[in-house]
Amino acid sequence: MPAGLRLTIDLDRLAGNWRRLATLASPAECAAAVKADAYGIGIDQAVPVLAAAGCRSFFVAVPEEGLRVRRAAADADIYVLNGFFADGAELYREYGLRPVLGNPDELAAWHAWHDGELAALHVDTGMNRLGLTMDQASAMNEDHLQACGIGLVMSHPACADDPTHPLNALQLERFQALAAQFPRHACSLANSAGIHHGADWLFDMVRPGIALYGGASHPDAVSQPVVTAEARILQIRTVGEGETIGYGATQTMRRESRIAILSAGYADGYLRAAGTSDDREGAEIAIDGHRAMLAGRISMDLIAADVTDLPDQVLEVADCAELFGDTVDINQVAARAGTIAYELLTGLSRRAERVYLGGGGTG
Ligand SMILES: *Cc1c(COP(=O)(O)O)cnc(C)c1O
């Protein structure tokens, strides 16, 4: 079915990003965070490719995602970050899902229920989200954790994307104390950004997510874009000087302009906040490698871009525009909308056509 927005997902680049991170993290194990449908790119496609690249451990948020990972990777270790959902207890057993236990009640419930199945323990070192407090953790003894089937002790950094933030050193120091307290347990602290903080941060396992999918995580990060979003060009129209574009008439053209109208909008998950007004520049798009600025507000199903300065020959033949990909950095688009690539990727809607490249299959 012809679509307005096409997402091309390069699975070879996904595998390449994983391999680069795994090399950087070695000898620590490199897992993969594949929650939220592998950050929007598709668990069913991403997981087999990551497993073939050598990834053995996968992190999801909720059990339903764990089931999908199990179907895609029969032998993988699968961790459920949001913990043990007692109303779905049998799923953990049936699909071999390991809950990441995040408070003492959950640990007790798991202790009472489990029968040798493994789990992970989350300790909070400064995020104040999930995890035992440092006090609760220091009251635990290692034998009790083993009786609970805990194979992995983990924590999560709040500010690893900002190398200058003082919370990084504090979280590391706290986690080092935990690792010393539980010497028989594997330990994991780093997300994508944490991998770039040096050998101290690697422990036994790292858990990258966004860097696998081409999002920026840290100034030193080196991952290639995985997703290219291209919208069909519906028409190119001329708009006179002094006229406005789109809802709210937020942008007035200062010259006679050529405007490309694209078949994508916020209903596809492209961010409405990325639009342009007289006061503020929005995101860019690109046509055949030539950049252009969005014009006016983003509608539900349509986007306008000012292509006045693009060469005629380019506009005559172009049938689609890149919203992000190799020319337009997804991180820049997200930043112009006041958000991060995580939100843009995970919000891409099912209306968009998805085309998979590489990965040893045809998609
Ligand atoms: C999402 C998540 C990750 C991956 O984070 P990125 O910033 O995407 O690398 C790792 N660990 C935990 C606990 C997470 O919730």
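The values are calculated or read from the model by the stated rules, or taken from the named source; none is laboratory data. Worth saying up front: this structure is predicted, and the values here are computed from it rather than measured. Cβ placement follows ideal geometry from the backbone for every residue including glycine, while neighbour counts extend to all protein chains displayed. These accessible areas exclude ligands, DNA and RNA; they are computed on the full protein's heavy atoms, side chains included. Shrake-Rupley method; radii C 1.70, N 1.55, O 1.52, S 1.80 Å.
Ranked by solvent-accessible area (1.4 Å probe, protein heavy atoms only, all chains present), the residues Glu173, Glu322 order from largest to smallest as Glu173, Glu322. Taken over the alpha carbons of the stretch 225-326 as equal point scatterers, the Debye sum produces base-10 log I(q)/I(0) values at 0.13, 0.23, 0.25 Å⁻¹ of -0.40, -1.28, -1.49. With contacts taken as Cα pairs under 8 Å and at least 6 residues apart, the stretch 1-147 reaches a relative contact order of 14 percent. Rolling a 1.4 Å probe over the protein heavy atoms of the chain, with every protein chain left in place, gives an accessible area that is 48 percent carbon and sulfur.
Residues with beta-carbon under 14 Å from that of Arg272, excluding Arg272: net charge, scoring Lys, Arg +1 and Asp, Glu -1?
Working: positive: Arg280, Arg297, Arg336; negative: Asp268, Asp301, Glu343.
Summing Lys and Arg as +1 and Asp and Glu as -1 gives 0.
Applying the Kirkwood pairwise sum to the alpha-carbon positions of the stretch 136-294 produces a hydrodynamic radius of 20.1 angstrom. In the stretch 282-338, one over the average inverse separation of all distinct C-alpha pairs is 11.7 Å, which is the Kirkwood hydrodynamic radius.
For the stretch 73-169, count the residues as N, evaluate 2.2 N^0.38 Å, and divide the Cα radius of gyration by that value, please. Could you put the intermediate results ahead of the total?
Values: Rg = 14.3 Å, N = 97, 2.2 N^0.38 = 12.5 Å.
For the stretch 73-169, the normalised Cα radius of gyration is 1.15.
Using all alpha carbons of the chain, what is the percent of pairwise distances in each 10 Å bin, ordered from the shortest bin to the longest? Per 10 Å bin, starting at 0, the Cα pair percentages come out as 5, 23, 27, 21, 14, 7, 2, 0. In the frame of its principal axes, the stretch 126-179 has Cα extents of 39, 17, 15 Å, reported largest first.
At 4 °C and 1.567 mPa s, what whole-number value in µm²/s does Stokes-Einstein give for the translational diffusion of the stretch 186-267, with Rh from the Kirkwood sum over Cα pairs?
On the way: Rh = 16.8 Å.
My calculation gives 77 µm²/s for D.
Seen against the Cα atoms of the chain and their longest principal axis, helix 104-113 is set at about 70 degrees. Solvent exposure of the chain amounts to 44 Å² per residue of accessible area, where only protein heavy atoms count and the probe is 1.4 Å. Pairwise alpha-carbon distances in the stretch 2-139 exceed 17 Å for 63% of all pairs. For the stretch 193-249 and the stretch 314-354, what is the centre-to-centre distance using only Cα atoms, to the nearest Å? About 8 Å separates the Cα centre of the stretch 193-249 from the one of the stretch 314-354. Taken over the alpha carbons of the stretch 9-78 as equal point scatterers, the Debye sum produces base-10 log I(q)/I(0) values at 0.22, 0.26 Å⁻¹ of -0.89, -1.20.
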